[in-house]
1. For residues that are modelled with pLDDT under 90, under 27 Å from residue 68 (Cβ atoms) and among the hydroxyl-bearing types (Ser, Thr, Tyr), scanning just region 114-172, find the one that is surrounded by the most Cβ atoms within 10 Å (Cβ to Cβ).
2. Determine which single condition residue 268 fails, assuming it passes every other condition in (1) at pLDDT below 90; (2) in a helix (DSSP H, G or I).
3. Given region 178-264, what strands (runs of 3 or more DSSP E) lie entirely inside it while holding 3 or more residues that are of a type outside the set (A, V, I, L, M) and either modelled with pLDDT of 75 or more or surrounded by 17 or more Cβ atoms within 10 Å (Cβ to Cβ) (or both)?
4. Look at region 202-253 and say how many of its residues are of a type in the set (S, T, N, Q) and touching a Lys or Arg at 6+ places or on another chain (Cβ under 7 Å).
5. Take residue 57 and tell me if it is modelled with pLDDT under 85 and charged (D, E, K, R).
6. Would you be able to say whether some residue in region 18-32 is in contact with a Cys (Cβ under 8 Å, 6 or more places away or on another chain) and surrounded by 13 or more Cβ atoms within 10 Å (Cβ to Cβ)?
7. Quick check on my filter: what residues within region 271-289 are surrounded by 14 or more Cβ atoms within 10 Å (Cβ to Cβ), charged (D, E, K, R) and closer than 14 Å to residue 112 by Cβ?
Amino acid sequence: MRAFCAVVQEGGFSAAGRKLNLSKVLVSKYVGQLEDRLGARLFHRTTRKVRLTPTGEAYYLRVSPLLRELDDIEARVRDEHGEPEGLLRIAAPASFAEIHLMPLVALMLEKYPGLTLDVRLADRYVDLLEEQVDLAVRIGYLQDSSLVAQKLADIPIVWCAGAAYLERRKAPQSPDDLAEHCVIFDSNYSGGDYWPVPREGGVTRQPMRKRVSVNSARAAKELALAGMGLARLPAFVIGDELASGELRPVLQEYWPEASAVYAVYPHRRHLSARVRLFVEEAKVYFGTNPPTPPLV
């Protein structure tokens, strides 16, 4: 089963052999034995590539989570009697990770020599199960309520605009004024085409006039600097520009909004020791190194 899963994940027998420190011939032999035992063909093989049969695809979807859980259990037992070791796959937004997560990664690699980290940076939603990721770092709106979420740090979200835009348009004085403004919409930090505005008695959804939508906070910042509209962005992305005056704060009575950075991971009967370790280390690290600049 392990050889079969490696072929699927690595895209071929040679790559699977390198991953498992086995020869291509031996990997092929193990997969053949598995097919004989199951009485079913799992791969379509050609001289140029291999691809799963429908039976192989269904088998992989059932077996892969079981192997990962087995690996987690074994790693947890080992960790109870020694140093943490093994591979931890992490997904994180590039705009946050490049600034604030990499120092934590370096710290963990130095502290735990047996630990291997695969950090995948993407300013988009990552499906943990589909992309075989152990844990994701997410900011703000959490789309998937089926995941366990552990808060790591506060991340204020603020409204701002470039000087060029505010020279052309009067700054909004209240959320109701947003209907008259162009908004640069970053889908990573919102759950829809509205702004949840805290008001007396609760929260209301303020519609926004979306001029452009991106899935990168840094891209949204560049558009705001170019005078394309108002932007609602995490403080860690725009702290320097607010301090220099390149971006100006607006709607200050309504910010900073309370938001946070979370570690999220699937529900499991046996939580991976590596996931648990990362969450614990991240809470300690961000407790002394908060990812929030001073706000003007």
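The values are calculated or read from the model by the stated rules, or taken from the named source; none is laboratory data. Since this is a predicted model, take the numbers as computed values, not measurements. Ideal geometry is used to build each Cβ from the backbone, glycine not excepted, and the neighbour counts take in all protein chains shown.
1. Here the residue is 125.
2. The number of the failed condition is (2).
3. In region 178-264, the matching strands (runs of 3 or more DSSP E) lie at 202-207, 210-214.
4. 1
5. So residue 57 does not fit the description; no.
6. No, every residue in region 18-32 fails to be in contact with a Cys (Cβ under 8 Å, 6 or more places away or on another chain) and surrounded by 13 or more Cβ atoms within 10 Å (Cβ to Cβ).
7. Within region 271-289, 274, 276, 281 qualify.
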